[in-house]
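Heads up, the thing below is written out as structure tokens.
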């Protein structure tokens, strides 16, 4: 199911949305440069985290999971 969720997405629950927003605010203050930009490119691609109820997907994660599955964990 992880590949399907990463590909197709899933709605952000209230709990996940709350924690995601808290992480974003904390990382924005504590991290800089490459560490924060990499996190943002995945989890806040438009400069904000997805809101509660929004569908979030991660095609790059889906591709990584597919490669791992196809290689029986060798990827």
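Scanning the stretch 22-33 for residues that are modelled with pLDDT under 95 and in a helix (DSSP H, G or I) yields 23, 24, 25, 26, 27, 28, 29, 30, 33. Checking the structure you have, find out if any residue of the stretch 58-66 is touching a strand residue (DSSP E or B) at 6+ places or on another chain (Cβ under 9 Å) and at pLDDT 90 or above. No, the stretch 58-66 contains no residue that is touching a strand residue (DSSP E or B) at 6+ places or on another chain (Cβ under 9 Å) and at pLDDT 90 or above.
Only a single criterion out of (1) surrounded by 14 or more Cβ atoms within 10 Å (Cβ to Cβ); (2) on the phi > 0 side of the Ramachandran plot is not satisfied by residue 72, namely (1).
Scanning the stretch 34-48 turns up no residue that is at pLDDT 95 or above and assigned to a loop (DSSP other than H, G, I, E, B).
Condition check ((1) free of Cβ contacts under 8 Å to residues at least 24 places away in the same chain; (2) more than 11 Å from the chain's Cα centre (by Cα); (3) surrounded by 14 or more Cβ atoms within 10 Å (Cβ to Cβ); (4) under 25 Å from residue 69 (Cβ atoms)) across all residues:
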| residue | (1), (2), (3), (4) |
| --- | --- |
| 1 | yes, yes, no, yes |
| 15 | yes, yes, no, no |
| 19 | yes, yes, no, no |
| 30 | yes, yes, no, no |
| 33 | yes, yes, no, no |
| 36 | yes, yes, yes, no |
| 39 | yes, no, yes, yes |
| 42 | yes, no, no, yes |
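Within the stretch 47-69, the set of residues being within 19 Å of residue 8 (Cα to Cα) and free of Cβ contacts under 8 Å to residues at least 40 places away in the same chain comprises 49, 50, 51, 60, 63, 64, 67, 68.
The values are calculated or read from the model by the stated rules, or taken from the named source; none is laboratory data. These figures come from a predicted structure and were not determined experimentally. Glycine gets a Cβ as well: all are built from the backbone with ideal geometry, and neighbour counts include every protein chain shown.
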